[in-house]
Amino acid sequence: MPVLYDRLLKLKEMFNSKFGSIPKFYVRAPGRVNIIGEHIDYCGYSVLPMAIEQDVLIAVEPVKTYTLQLANTNPLYPDFSTSANNIQIDKTKPLWHNYFLCGLKGIQEHFGLTNLTGMNCLVDGNIPPSSGLSSSSALVCCAGLVTLTVLGRNLSKVELAEICAKSERYIGTEGGGMDQSISFLAEEGTAKLIEFSPLRATDVKLPSGAVFVIANSCVEMNKAATSQFNIRVMECRLAAKLLAKYKNLQWDNVLRLDEVQAKLGISLEEMLLVTEDALHPEPYNPEEICRCLGISLEELRTQILSPNTQDVLIFKLYQRAKHVYSEAARVLQFKKICEEAPENMVQLLGELMNQSHMSCRDMYECSCPELDQLVDICRKLGAQGSRLTGAGWGGCAVSIVPADKLPGFLANVHKAYYQRSDGSLAPEKQSLFATKPGGGALVFLEA
């Protein structure tokens, strides 16, 4: 880990010039790329991510005062200082320090603590922001582990992941738990099938003859700053309620699409058929949803919709449910192919990734023209499969590329997508790299 060692030394020097002292310890938490299983973790379904080598690194010194001082090595992110005992998170502004506060508050509340010691923290990160590689969740996880270490307490990786998944919602996103789980549970050399309720991670051995390549579309999408993400979460919740009502289940306490499948005890393929019968492709308006469920508009607004979705006028329930159930099935097929390792496995995995992108683009509507173009370029230039990864609406594509084609693939994609004649893509955002599964969050003590 020579690169990490160099970064730690540099961080130590910057910490010293900033705070006039030496850090006591350092914490790292990685970003991730989701290979397949998009927008289904918050519906209760398994996903298949791997940690990447890019990470968030924090140098920490506990102090005797009750002041939390945060600084960032990137001058774009201003310093922040607050009382450690009065953590306020402003949902209206997804500023960088609020993600740190989410992790801190999650640990604080878990242990029911009122008096938190102060600390000086210098944050360094090399995950491209708003790129769909979980830079924000890596910061939340890093801050949670920092706080735990300062307190001298212990938690399992699973407990940490669950606390951080819950606490990231303080910022206003209704995410699942994939990003936090892989940040803590990742192991070098293997992707993970992450299952929820209860949270567990299983190794998935990726094909040795292929490489996963990440390409940034250079369109930034800030998940907490957009209502699109939270609208999708709500559309899935409403679809689950309408499907449950259609099947004469107790619908009012159903929140996720996986609960409907579990209650009916049927396969994902059968759930797709139920969706065809129960829901129509035309968008639903709030009045029709109320008629279907036999409730008033007031009940819909106050008891089901979240504050940031109360003014939405159309909900595409059929499309969202179709995506979730088909994507959940693709995840299981992907894992099965990796286990059975047929001769044409790279081609088969690529086909599943292509189907996933098509579903994200057409049924979940979370792509964008630049991502579609990038995915298209990757496929034309040698990827067996390519798809958007992360929330979408910008960010990155992930491609599966035969290992022997990698150098040519990288050069050609760089030329076709990034070297535009109009020079419209800022060079610092140009991220195109092959990645292998990295390890999870760690604490380094100052020797």
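The values are calculated or read from the model by the stated rules, or taken from the named source; none is laboratory data. In this text the structure is predicted, and so the values were computed from the model without any measurement. Cβ placement follows ideal geometry from the backbone for every residue including glycine, while neighbour counts extend to all protein chains displayed. For accessibility, only protein heavy atoms count, side chains too; no ligands or nucleic acids. Shrake-Rupley method; radii C 1.70, N 1.55, O 1.52, S 1.80 Å.
The residues listed here are Val375, Val443; of these, the one that is modelled with pLDDT of 90 or more, aliphatic (A, V, I, L, M) and open to solvent by less than 10 Å² (accessible area, probe 1.4 Å) is Val375. Residues in the range 28-67 that are farther than 22 Å from Lys192 by Cα and at pLDDT 95 or above: Leu57, Ile58, Ala59, Val60, Glu61, Pro62, Val63, Thr67.
Taking the stated definitions as given, is Arg387 buried (at least 22 other Cβ atoms within 10 Å of the Cβ) and of a type in the set (Lys, Arg)?
When the stated conditions are applied, Arg387 passes them.
Filtering the range 340-353 to residues that are open to solvent by 40 Å² or more (accessible area, probe 1.4 Å) and either within 21 Å of Glu269 (Cα to Cα) or among the aromatic types (Phe, Trp, Tyr) (or both) leaves Leu348, Glu351.
The set of residues in the range 113-136 being touching a residue at least 60 places away in the same chain (Cβ under 8 Å), under 22 Å from Leu68 (Cβ atoms) and of a type in the set (Ser, Thr, Tyr) consists of Ser135, Ser136. Collect the residues in the range 76-135 that are among the hydroxyl-bearing types (Ser, Thr, Tyr) and either buried (at least 21 other Cβ atoms within 10 Å of the Cβ) or more than 20 Å from Leu148 (Cα to Cα) (or both), keeping them in residue-number order. Scanning the range 76-135 gives Tyr77, Thr92, Tyr99, Ser130, Ser131, Ser134, Ser135. What's the total number of residues in the range 377-395 that are among the charged types (D, E, K, R) and within 16 Å of Ala411 (Cα to Cα)? Residues flagged as among the charged types (D, E, K, R) and within 16 Å of Ala411 (Cα to Cα) within the range 377-395 amount to 2. In the range 42-64, which residues are more than 17 Å from Lys436 (Cβ to Cβ) and open to solvent by less than 20 Å² (accessible area, probe 1.4 Å)? Across the range 42-64, the qualifying residues are Cys43, Gly44, Val47, Val56, Leu57, Ile58, Ala59, Val60.
Within the range 277-289, the set of residues being part of a helix (DSSP H, G or I), exposed (fewer than 15 other Cβ atoms within 10 Å of the Cβ) and touching a residue at least 12 places away in the same chain (Cβ under 8 Å) comprises Asp277 only. A count restricted to the range 164-176 and to residues that are surrounded by fewer than 23 Cβ atoms within 10 Å (Cβ to Cβ) and out of contact with any Lys or Arg (no Cβ under 8 Å at 6 or more places or on another chain) stands at 4. When we screen Thr202, Thr226 for residues that are modelled with pLDDT under 95, over 20 Å from Leu300 (Cβ atoms) and of a type in the set (Val, Ile, Thr), the only hit is Thr226. Anything in the range 290-329 that is in contact (Cβ under 8 Å) with a residue 24 or more places away in the chain, more than 23 Å from Tyr45 (Cβ to Cβ), assigned to a helix (DSSP H, G or I) and open to solvent by less than 60 Å² (accessible area, probe 1.4 Å)? List them, or say none. If the condition is that a residue be in contact (Cβ under 8 Å) with a residue 24 or more places away in the chain, more than 23 Å from Tyr45 (Cβ to Cβ), assigned to a helix (DSSP H, G or I) and open to solvent by less than 60 Å² (accessible area, probe 1.4 Å), then Cys292, Leu293 are the ones that fit.
Among the residues that make up the range 193-203, is at least one of them crowded, with 24+ Cβ neighbours inside 10 Å and out of contact with any strand residue (DSSP E or B) (no Cβ under 6 Å at 6 or more places or on another chain)? No: the range 193-203 contains no residue that is crowded, with 24+ Cβ neighbours inside 10 Å and out of contact with any strand residue (DSSP E or B) (no Cβ under 6 Å at 6 or more places or on another chain). Checked against the criteria, Tyr5 does not count as more than 30 Å from Asp258 (Cβ to Cβ), under 24 Å from the mean Cα position of the chain (by Cα) and open to solvent by 10 Å² or more (accessible area, probe 1.4 Å). Annotation: of all residues in the range 151-162 being open to solvent by 30 Å² or more (accessible area, probe 1.4 Å) and among the hydrophobic types (A, V, I, L, M, F, W, C), the one that is nearest to Ala201 (Cα to Cα) is Val158. When the test is whether a residue is closer than 30 Å to Arg420 by Cβ and not hydrophobic (A, V, I, L, M, F, W, C), Gln250 does not pass it. Mind checking whether some residue in the range 424-431 is open to solvent by 70 Å² or more (accessible area, probe 1.4 Å), under 28 Å from Leu57 (Cα atoms) and acidic (Asp, Glu)? Among the residues of the range 424-431, at least one is open to solvent by 70 Å² or more (accessible area, probe 1.4 Å), under 28 Å from Leu57 (Cα atoms) and acidic (Asp, Glu), which makes the answer yes.
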